[in-house]
Each structure stands twice: as structure tokens, then as C-alpha cells.
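Peer 1: Below: one structure in C-alpha cells.
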Protein chains: 2
Amino acid sequence: MGWREVRAARSGILHAMNAMESNIRILVADDHPLLREGLSGMIAGQPDMKLVAEAENGEQALQAFRTHQPDITLMDVQMPRMNGIDAISAIRAEFPAARIIVLTTYKGDVQALRAIKAGASGYLLKSMLRKDLVETIRSVHAGRRRISADIASEMAEHMADDELTARERDVLSRVAAGNANKEVAVQMGISEETVKTHMKNVLTKLSAKDRTHAVVVAVRRGIIDI
Amino acid sequence: MGWREVRAARSGILHAMNAMESNIRILVADDHPLLREGLSGMIAGQPDMKLVAEAENGEQALQAFRTHQPDITLMDVQMPRMNGIDAISAIRAEFPAARIIVLTTYKGDVQALRAIKAGASGYLLKSMLRKDLVETIRSVHAGRRRISADIASEMAEHMADDELTARERDVLSRVAAGNANKEVAVQMGISEETVKTHMKNVLTKLSAKDRTHAVVVAVRRGIIDI
DNA sequence: CGAAAGCTCCCCCGAACGAGGGATGAACTG
DNA sequence: CAGTTCATCCCTCGTTCGGGGGAGCTTTCG
């Protein structure tokens with residue numbers, strides 16, 4: 001079914017720790033079972049942390065948050081049925097105090113910016129070591145924000161850049177699908193001239209040499225999916 | 001599957017295994033510590049399997065294979081310092097009987113084909129469930145080949161398609177980087193006409209509508225990296 | 001209110017692209 | 001040996017891109 005109660009029972013240590021008052025209650029939302037397993041194992045190894053629920057998409061994450069109201073939520077950005085960013089926004093809308101750490105494979109800076117804007121308190125790469133992870137969880141739980149160093153520098157690099165507008169992203173996505181400007185125009189019900197204007201803005205904003213390059217840059221930065 | 005069932009199955013197999021003493025010795029090669037953690041936990045939960053070594057890149061995987069000669073190797077395709085495909089080739093060159101299962105995030109069919117050609121016995125998506133994974137490990141250990149269903153259908157879809165030649169991939173990569181035909185020509189020391197010929201072939205082979213689309217299709221299929 | 005940002009549309013024009021053709025030599029393969 | 005694939009180069013020609021302008025309109029926000 002949806003999110004499932006975690007088999008915390010397998011760890012004897014956890015039972016002992018249940019008596020302790022300061023458990024960090026954690027929700028993990030990721031569509032990869034293996035990665036959830038890894039996080040689960042990592043959390044099980046920390047006596048002050050407890051995994052209270054898992055979710056495999058954004059909707060489940062929201063539901064699970066309502067049910068369990070965890071102290072910390074580890075959230076993947078790329079998930080089916082409501083992505084991580086939207087899930088963060090939805091959760092923060094209902095629970096403004098929610099502390100959410102974004103977990104991702106790529107260091108697409110736009111994703112990072114969006115996640116932070118949506119209210120994430122931390123942004124980590126999946127390639128991080130266990131030590132960094134538990135440190136970040138404790139840090140965020142203590143009320144601090146934690147952004148990993150390479151993410152921060154990536155973000156700084158593009159801070160000044162304009163983000164693409166919704167319309168520009170729409171155009172670029174259709175271009176990525178192999179549509180000519182004229183075809184995009186018909187699909188969107190606007191004139192070809194307008195499409196060209198949008199593409200001109202996209203090329204400028206992304207510092208791309210041509211439309212192909214623009215698509216590549218946008219995909220790298222997590223602006224569009226292909 | 002509920003935890004209680006796992007528990008029951010575990011003790012049952014455990015007894016049997018104690019008598020037979022035939023552990024499946026496993027090597028895990030993946031650059032993500034968290035994923036290794038997940039796999040490690042999964043393997044630890046199977047009484048007939050034992051993790052004998054871990055590697056975080058292709059070179060380490062080869063070294064570890066030489067040292068431990070595992071029954072099964074779980075190998076990620078995308079790793080720094082020698083990728084999974086090359087590692088498979090290298091290992092199979094020394095140990096033709098090696099049974100290797102490829103583990104990947106994407107279902108780029110070309111990656112799958114290359115992995116199979118390099119000598120992999122299985123090709124799995126990281127998004128698979130634990131059950132499928134252990135089943136596949138046992139299956140491959142028993143000498144069968146296992147390719148997950150959606151991978152197989154993806155492969156079948158493009159079986160008839162021509163693969164791109166090395167030259168065509170080179171051209172396409174440079175085009176993806178935002179180079180015009182003329183620039184690619186200079187970089188490769190050939191004429192622009194030749195570049196256009198290569199691109200024409202690429203567009204035909206990938207059934208792409210234009211160069212931008214070709215790059216997107218090639219990335220999706222794992223033909224080029226961006 | 002007035003400024004700013006976003007979406008829309010229009011012009012010109014040179015460069016780049018892509019669909020047609022065709023051709024040659026090298027290298028591998030049955 | 002003939003056949004095939006690959007890489008290279010050449011031609012034409014219509015279409016598409018993309019850079020350079022300008023401009024009207026609505027919405028948002030201080």
C-alpha cells in the first residue's frame with residue numbers, strides 16, 4: 001500500500017532508546033526502496049534517532065507527515081506523484097515549523113534554490129557519507145540550516161542568474177521534445193514570434209550557445225526533465 | 001511482505017544453510033555510500049548471502065574481485081575511475097565465469113545492451129524491491145540470466161535500431177555541448193560536410209526530429225552523458 | 001500610483017540547419 | 001573475392017535559427 005510503518009522492532013537498541021526522551025523522529029520519503037533501506041539502516045545505528053514512517057512519493061509524504069508529524073523529514077526531490085519540492089511546499093503550508101532536509105543525487109543548483117525557497121532546511125547529496133548525514137540531521141534538528149559545501153558553491157555561481165519563467169520552461173520543454181518554434185507556437189496557441197522571443201530569453205538566461213545547448217544546461221541544472 | 005514472514009523465512013533457511021554451508025559471497029560496487037548501506041542491510045537480512053567486499057569505483061571493484069573472487073558482483077554502471085561496463089569487461093577478461101549483476105538508476109537500453117555484451121548476467125533497476133533483488137541474486141547464482149521486465153521491453157524496442165558509431169557519438173556529444181557543425185568540424189579536424197553527414201545519420205538512427213531532440217533521445221537511452 | 005516583470009507580437013537579415021542527392025577509399029567479413 | 005560498414009567529402013536548396021531592434025498589455029508589488 002502506501003507508506004508503511006517501519007519495522008523498527010528489528011533493532012533491540014531502539015527499544016531501549018524509546019525510553020529516552022530525546023529521540024529525533026524521522027520521516028523518509030524516497031522512491032528507491034534500496035535507498036530507504038540504506039537510510040533506515042543508518043538511522044537504526046543512531047541511538048538518538050528513530051524512523052517513524054516511510055513514503056515513496058510526495059503525496060504519501062504529505063499524508064505521512066500529517067499522521068506522524070516527524071521532527072525531521074528526509075525528502076528526495078525526484079519522485080513520482082508529486083515531486084519533492086511540491087511536497088515540501090505542501091507540508092510547510094500546513095506545518096510551518098516542519099524541518100525538511102532535501103536529499104538528491106544531482107547537485108542541480110536550481111533544484112537547490114527551489115527547495116530552499118520552498119522551505120527546506122538542508123540540502124544534501126546522496127553521495128554523502130553517513131557521518132555528514134547524521135551530523136546534518138542533528139544540526140537541522142537543533143534549528144540550524146545545513147547546505148553542503150559543493151551545493152552552496154554551485155548555488156552561489158548561479159545566484160545572480162535569472163530563473164526561467166513558467167512560460168519559458170514550457171517552451172524549452174517542447175523544444176527539447178524536438179519541436180520547431182512553429183510547432184511549439186501551434187501547441188501553445190501563440191505566435192511563432194512569441195516563441196522565438198521566449199527562446200531568445202532562455203538562451204540569454206542560461207548562457208547557452210544554441211537551443212540544443214540550452215536544453216542540456218537546463219537538464220543539468222534541474223530546470224527541466226527529459 | 002510483512003516483517004513476521006521475513007523472520008519466519010529467515011530462520012527456516014538459516015537452519016537449512018547451517019547444514020549446507022553454501023553462502024552466496026557478494027561484492028558490491030557502487031559509489032553511493034547510502035546505496036551500499038542499503039544493499040548491505042538487504043544482504044545481511046538474507047541468511048544464505050554474505051557481503052565479502054565493497055568498492056566505490058571500477059578499479060576497486062576489479063581489485064576486490066581479484067582478492068575475494070565473489071560468487072556474485074552487484075555493479076553500478078555509473079562510477080568514477082572506470083565505469084561499470086569497463087569494470088565488467090576487465091573482470092570477465094580475467095575471470096570468465098564471474099557472475100555480475102548490473103544495478104542502475106536509469107533504464108537506458110543502450111547501457112543495458114552494453115552491459116550484457118560486456119558479460120553481465122543480470123540488469124536491474126535500483127528502484128526495484130528487495131524481493132526482486134534477492135530473487136535475482138539467487139537466480140543468477142544458480143546460473144540463470146535475469147533481466148528485469150521493463151528493461152527487456154526497452155531493449156526489444158530498440159534491438160532493430162542501429163547503434164551509433166564512435167564517430168557519430170563523438171559528433172553528437174560536441175553538438176550537445178553547444179557547438180555548431182562548423183565548430184565540431186574544426187575540433188575534430190574534419191570538414192563541416194562530414195559533420196553534417198554524421199548528424200544526418202544520427203538523426204535517422206535515433207528517429208529524432210532535429211539535433212536537440214537527438215541529444216535528448218541519446219541521453220535518455222544512455223548513449224551519451226551530459 | 002508608478003515601476004518592474006512577464007507575456008505577447010512585429011520587423012529585418014545573415015547564418016545555420018537539414019533533406020535531397022552522389023562519391024571515394026579503407027577495413028572488415030563471409 | 002565480393003559485400004558491407006565506416007568515415008570522409010562534395011553539391012543544391014528551402015527552412016529554421018538566432019541576434020538586433022521596438023512595442024503594447026496585464027499583473028504584481030512597494
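Peer 1: Filtering the range B:142-171 down to residues that are more than 14 Å from chain A (Cβ to nearest Cβ), more than 16 Å from DNA strand C (Cβ to nearest atom) and not in a helix (DSSP H, G or I), which residue is modelled with the highest pLDDT?
Peer 2: Here the residue is B:Ala142.
Peer 1: Let me ask you something else. Got at least one residue in the range A:56-65 being buried (at least 24 other Cβ atoms within 10 Å of the Cβ), within 18 Å of A:Arg144 (Cβ to Cβ) and modelled with pLDDT of 90 or more?
Peer 2: No.
Each row is one residue, and each column tells you yes or no for (1) more than 11 Å from chain B (Cβ to nearest Cβ); (2) more than 18 Å from the chain's Cα centre (by Cα); (3) modelled with pLDDT under 90; (4) surrounded by fewer than 22 Cβ atoms within 10 Å (Cβ to Cβ).
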{"site": "A:Pro33", "(1), (2), (3), (4)": "no, no, yes, yes"}
{"site": "A:Gln69", "(1), (2), (3), (4)": "yes, yes, no, yes"}
{"site": "A:Gln78", "(1), (2), (3), (4)": "no, no, yes, yes"}
{"site": "A:Asn83", "(1), (2), (3), (4)": "yes, no, yes, yes"}
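Peer 1: Of these, A:Ala185, A:Ala214, A:Ala177, which one is modelled with pLDDT of 95 or more, more than 24 Å from A:Val77 (Cα to Cα) and within 12 Å of DNA strand D (Cβ to nearest atom)?
Peer 2: Details: A:Ala214 fails: more than 24 Å from A:Val77 (Cα to Cα); A:Ala177 fails: more than 24 Å from A:Val77 (Cα to Cα).
Among A:Ala185, A:Ala214, A:Ala177, only A:Ala185 is modelled with pLDDT of 95 or more, more than 24 Å from A:Val77 (Cα to Cα) and within 12 Å of DNA strand D (Cβ to nearest atom).
Peer 1: For the range A:205-226, how many residues are within 14 Å of another protein chain (Cβ to nearest Cβ), under 27 Å from A:Ala115 (Cβ atoms) and assigned to a helix (DSSP H, G or I)?
Peer 2: Looking only at that region, the number is 9.
Peer 1: A follow-up question, please. Tell me yes or no: at least one residue of the range B:41-48 is surrounded by fewer than 24 Cβ atoms within 10 Å (Cβ to Cβ), closer than 19 Å to B:Leu124 by Cα, in contact with a strand residue (DSSP E or B) (Cβ under 7 Å, 6 or more places away or on another chain) and β-branched (Val, Ile, Thr).
Peer 2: Scanning the range B:41-48, I find at least one residue that is surrounded by fewer than 24 Cβ atoms within 10 Å (Cβ to Cβ), closer than 19 Å to B:Leu124 by Cα, in contact with a strand residue (DSSP E or B) (Cβ under 7 Å, 6 or more places away or on another chain) and β-branched (Val, Ile, Thr), so the answer is yes.
The values are calculated or read from the model by the stated rules, or taken from the named source; none is laboratory data. In this text the structure is predicted, and so the values were computed from the model without any measurement. Positions of Cβ are generated from backbone atoms using ideal geometry, with glycine treated the same way; all protein chains shown enter the neighbour counts.
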